[in-house]
Structures are given as C-alpha cells and as structure tokens.
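**Student:** Got a structure here, written out as structure tokens. Questions coming.
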Amino acid sequence: MPELKARAHDLNQLAEGAKFLFSSRPLDFEEAAAALLTDDSRALLSRAHKALGNAEWNHDALEQSVRQVAETEGVKLGKLAQPLRAALTGRTTSPGIFDVLALLGKSESLGSVKPDFWFYLADTETKLKNFAQAEAAYERYLQVATDPAAKAKTLLALGATKIAAHKPDEA
C-alpha cells in the first residue's frame, strides 16, 4: 500500500492512516467530519456519486472525474474532496482522496457515498441532535435501500430518532 506509506512517518501513523479500510459500517464520524456534510456538500456528493459510477476505477480516472465535478459546480477541489473524505472515512484526515477511493474499491466507495451515505449522515445528525435532518436522511435511505435487513435497521433508527426528538406518537 504505497498510498498509505507516503504519508506515514512510522508504523503508528501507518496504522492510523489505514484505519478507514477496516472500519465497520456504518462509520463513526468525527464531529469535524460530520460538520462537513452540509446540504451543499451533500448535493455535491450526489453529483460525484454519479460521475464516479461512470468512471474507470483507477487513480487518474477517479481524479479526473472528481475534478470535473468540482469544475462543473464552480467550486475548488477541496469543497468536494473534504466532504467526500468524510463520507468515505468518517474523518477529516486520510491518505489522498483519490487513493482512498482506489483502496476502498468501487463498490465500497459508491456504497459509502450513496445510498449508505444517507444512513451514515442520519446517524451523525442524530448524534449531533439535528433530528429533523436525521429524519430526512433516514427517509432518503429508505427510498433507495434494497436490503430488507438494512431497511429494518433503518426503521428502528428512525423510530429512535423520533423518540429522541420528542415525537413518540410518530415513532
């Protein structure tokens, strides 16, 4: 994994940098990473998801796709790369975003961006006590999810969110 070694100065840093590869889903988001997932960045991530779905899965093609989305949307690369990093790793720091995409692979990367992104976002919004945003994200997830077990888990989480928001009659 030369992508990881380039940023690590010792084995501890290498292990810390690789943590996202072995984290179970849904991710536990750092507070700063969750803060990056705003309405605007979610819209950018949705566009990136579509572009990445059509890209060949190698570093150069991924970089070209992400840069093209940023350019088309009139934003600097960081405005897209940082929320993408947060959605994929749950953190604000990681190896280069194109390396992260390549290391995770297409299925895991696209699954983290969408539809599972909606579940992760809802979970994070709940932890931050942004209950209305959490409910909306859980509902978006339910619209796109296909796995019955994941839908059941989401319905339970949605109910718990409604209870936490003091809406027990709707849970």
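**Student:** Just to be sure before I move on: is residue 88 within 30 Å of residue 16 (Cα to Cα) and either open to solvent by 20 Å² or more (accessible area, probe 1.4 Å) or at pLDDT below 80 (or both) in the structure I sent?
**Tutor:** So residue 88 does not fit the description; no.
**Student:** Which of the residues that make up the range 151-169 are assigned to a helix (DSSP H, G or I) and crowded, with 17+ Cβ neighbours inside 10 Å?
**Tutor:** 154, 157, 158, 161, 162, listed by residue number.
**Student:** Which one of these does residue 42 not meet: (1) modelled with pLDDT of 85 or more; (2) surrounded by 15 or more Cβ atoms within 10 Å (Cβ to Cβ)?
**Tutor:** Here residue 42 meets the rest and fails (1).
**Student:** Can I ask one more? Which condition number does residue 45 fail, the rest of (1) more than 18 Å from residue 105 (Cα to Cα); (2) among the aliphatic types (A, V, I, L, M); (3) part of a helix (DSSP H, G or I) being met?
**Tutor:** (1)
For (1) of a type in the set (Lys, Arg); (2) within 25 Å of residue 13 (Cα to Cα); (3) in a helix (DSSP H, G or I); (4) touching a Pro at 6+ places or on another chain (Cβ under 8 Å), each residue gets a yes or a no:
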| site | (1), (2), (3), (4) |
| --- | --- |
| 33 | no, yes, yes, no |
| 49 | no, no, yes, no |
| 79 | yes, no, yes, no |
| 93 | no, yes, no, no |
| 98 | no, yes, yes, no |
| 101 | no, yes, yes, no |
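**Student:** May I pose another question? If I go through the range 54-79 residue by residue, how many of them are open to solvent by less than 10 Å² (accessible area, probe 1.4 Å) and over 14 Å from residue 100 (Cα atoms)?
**Tutor:** The number of residues fulfilling the criteria is 1.
The values are calculated or read from the model by the stated rules, or taken from the named source; none is laboratory data. These numbers come from a predicted model, not from an experiment. Ideal geometry is used to build each Cβ from the backbone, glycine not excepted, and the neighbour counts take in all protein chains shown. Note: accessible area is taken over every heavy atom of the protein model, side chains too, but ligands, DNA and RNA are not part of it. Shrake-Rupley method; radii C 1.70, N 1.55, O 1.52, S 1.80 Å.
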